[in-house]
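The values are calculated or read from the model by the stated rules, or taken from the named source; none is laboratory data. As the structure is a prediction and not an experimental result, all values here were calculated from the model. When we count neighbours, we look across all protein chains shown, and the Cβ atoms used for this are built from the backbone with ideal geometry, even at glycine. Each accessible area value is taken on the protein alone, full model and side chains, heavy atoms only, with ligands, DNA and RNA left out. Shrake-Rupley method; radii C 1.70, N 1.55, O 1.52, S 1.80 Å.
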Amino acid sequence: MPDWFNTSPSNPFSGPRATIPVGAHKRKGVKLGRRKADTMPKSKARNDSDDYDSDAPLSQSSDSEDEGIEDYKKGGYHPVNIGETYHAGKYTVLRKLGWGHFSTVWLVINNVDGGYGAMKVQKSAKHYTEAACDEITLLTQIKEGDPSNSKHCVHLLDHFQHTGPNGRHVCMVFE
């Protein structure tokens, strides 16, 4: 595990990649914010204060946090828009959460049960699709192996395929 991954058993929200559970923002004392762009070298020791700006507005964005437009092509990212619905209207996109080399991630609301999730939309090239299928297999095994979530691993809530102008994309919805 990298030396900068500092989590504390007493604080499940610590660490540079900590996840705030759905509904946690409604609990007293939990403050939502957004991460600063990862601009420091990976070799530098890091902690929460280096990586998380709790006072930043949720809608703030910068060029360093943008995936650019060059990969919005066949085999690449799917152009997601706020307000769009996915999976036969089950999910509505509320805002962008982030991006990576393989995918973009979006905050969605489940129109069936009112819950929130993070929808990961994978690039559509064959090797990205294969990687997504492997990820779904692993996450399904984790969920089935720990149904009470006593190990506190992220759970895959749903997955589906979405066809768009750049191909067929595997989509995964996480808690």
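Listed conditions (1) part of a loop (DSSP other than H, G, I, E, B); (2) more than 30 Å from residue 70 (Cα to Cα) are all met by residue 141, apart from (1). Got at least one residue in the stretch 49-69 being open to solvent by 50 Å² or more (accessible area, probe 1.4 Å), modelled with pLDDT of 95 or more, acidic (Asp, Glu) and on the phi < 0 side of the Ramachandran plot? No, that holds for no residue. Here residue 167 passes the criteria (1) buried (at least 18 other Cβ atoms within 10 Å of the Cβ); (2) in contact with a strand residue (DSSP E or B) (Cβ under 9 Å, 6 or more places away or on another chain) except the one numbered (2). Within the stretch 86-108, being open to solvent by less than 40 Å² (accessible area, probe 1.4 Å), within 14 Å of the chain's Cα centre (by Cα) and farther than 24 Å from residue 74 by Cα holds for one residue alone: 108.
Against the condition closer than 17 Å to residue 175 by Cβ, free of Cβ contacts under 8 Å to residues at least 24 places away in the same chain and part of a loop (DSSP other than H, G, I, E, B), how does residue 105 come out, does it pass? Answer is no for this residue. Among the residues of the stretch 144-165, those identified as in a loop (DSSP other than H, G, I, E, B) and small (Gly, Ala, Ser) are 148, 150. Quick one: count up the residues across the stretch 131-149 that are more than 20 Å from the chain's Cα centre (by Cα) and open to solvent by less than 70 Å² (accessible area, probe 1.4 Å). So the answer is 2.
May I ask you to list the residues in the stretch 109-123 that are in a loop (DSSP other than H, G, I, E, B) and either open to solvent by less than 20 Å² (accessible area, probe 1.4 Å) or modelled with pLDDT under 95 (or both)? The one that is in a loop (DSSP other than H, G, I, E, B) and either open to solvent by less than 20 Å² (accessible area, probe 1.4 Å) or modelled with pLDDT under 95 (or both): 123. Test residue 128 against the stated conditions and say whether it is surrounded by 13 or more Cβ atoms within 10 Å (Cβ to Cβ) and over 21 Å from residue 68 (Cβ atoms). No: the conditions fail for residue 128.
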